[in-house]
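The structure under discussion appears below in the form of structure tokens.
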Amino acid sequence: MSKTVDLAAEPYAFTLSPGHCALLIIDMQRDFLEPGGFGEMLGNDVSQLRRTIEPNRRLLAAWRAAGLPALHTREGHRPDLSDLPPAKKVRGRSATTIGDAGPMGRILVRGEAGHDIIPELYPAPGEPVIDKPGKGAFHATDLHSILQHRDVKQLVVTGVTTEVCVNTTVREANDRGYDCLVLEDCCGSYFPEFHAMGLKMIKAQGGIFGWVAHSDGLVEALAGLK
Ligand code: C5J
């Protein structure tokens, strides 16, 4: 697919190359998004994240219909916690931390119900799922080689949370030479001000880490690719 499409974005138009672009959906996991999960247990307002489900669902459907590659990430650790840095285990001084029993199984442990991706955005067969122990999706994962083998040079990035795992991943991707388009309505934070600032930091200084746009333009462009 050699056709390119210019999408309205900030700080300036993003030239989408469908043949070299992948959708990367960050950590849309039950423990972060669902009422009764770990995020809510910590006192967070999950509705701030849940508003991203429908835009992501619509985007993912359009993306798949256009025949483009989608990848999903999950933040979490091995059941024996051997990949959990001690500093991450104790951070926050919470009574309940990663690896402990939580409302949907052991918190952020692979294989537990809360660690899995929400049903609305469940990966289709053949869509890679990147299990990441850190905030960034490139740290200690095979994401970079999977993208390189598919000749991916651009990433459309969505998911949660804007200022933590989305921002960290976009910065890692930028340093590895990828152009990133972040979709504002498909990302979310428990803290609206961090969401706004997280997006601002990406597109500041001429797009120091990448581009920011609404998903409407991309969904419309994808329909035109069929
Ligand atoms: C993510 C977090 N996914 N906020 N994790 O952003 O700890």
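Nothing in this text is a laboratory measurement; each read-out follows from the coordinates by a stated rule. Remember, it's a predicted structure, so these values are computed and weren't measured experimentally. Because the Cβ atoms are built from the backbone with ideal geometry, glycine has one as well, and the counts that use them run over all protein chains shown.
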For this session: Tell me the label-point distance for the pair ASP45, ASP175, using the 7 Å Cα-to-Cβ offset, in nm and rounded to one decimal.
Result: 3.4 nm
Problem set entry | Vicinal HN-Hα couplings computed from phi for region 183-189 (Karplus, 6.51 cos²θ - 1.76 cosθ + 1.60; Hz; Gly/Pro x) | 9, 4, 7, 9, 10, x, 9
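Please give the calculated 222 nm ellipticity per residue for the chain, where each DSSP H segment of at least 4 residues contributes -39500 (n - 2.57) and the sum is spread over every residue; nearest 500 deg cm²/dmol? Walk me through the numbers before you get to the answer.
On the way: 9 runs with 73 residues, N = 226.
The per-residue figure over the chain is -8500 deg cm²/dmol.
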Problem set entry | At q = 0.23, 0.31 Å⁻¹, base-10 log of I(q)/I(0) for region 95-138 (Debye sum, equal scatterers on each alpha carbon) | -0.92, -1.13
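Explain nothing, just the number: relative contact order of the chain, from Cα pairs under 8 Å at least 6 residues apart, as a whole percent. Write down the numbers at each step before the final one.
On the way: 451 pairs, mean separation 59.8, N = 226.
In percent, rounded to a whole number, it is 26.
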Exercise. Which lysines have a Cα lying under 24 Å from the Cα of LYS135, excluding residues fewer than 8 positions away in the same chain?
Worked result: LYS88, LYS89, LYS153, LYS200, LYS203
Seminar exercise, completed: Scalar couplings 3J(HN,Hα) for region 100-109 by Karplus 6.51 cos²θ - 1.76 cosθ + 1.60 (θ = phi - 60°), nearest whole Hz, x for Gly and Pro, are 7, 5, x, x, 10, x, 5, 5, 6, 10
For this session: Considering Cα pairs under 8 angstrom that are at least six residues apart, work out the relative contact order of region 7-69 and quote it in whole percent.
Result: 30 percent
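So for each of 66-76, 26-36, 115-125 I average, over its residues, the number of other beta carbons within 10 Å; can you give me the resulting order with the highest mean first?
On the way: 66-76: 20.1, 26-36: 23.4, 115-125: 15.0.
Peptide ranking by packing, descending: 26-36, 66-76, 115-125.
Dividing the Cα convex hull volume of the chain by residue count, how many Å³ per residue is that? Walk me through the intermediate numbers first.
On the way: hull volume 26.6 nm³, N = 226.
Taking only Cα atoms, the chain has a hull volume of 117 Å³ per residue.
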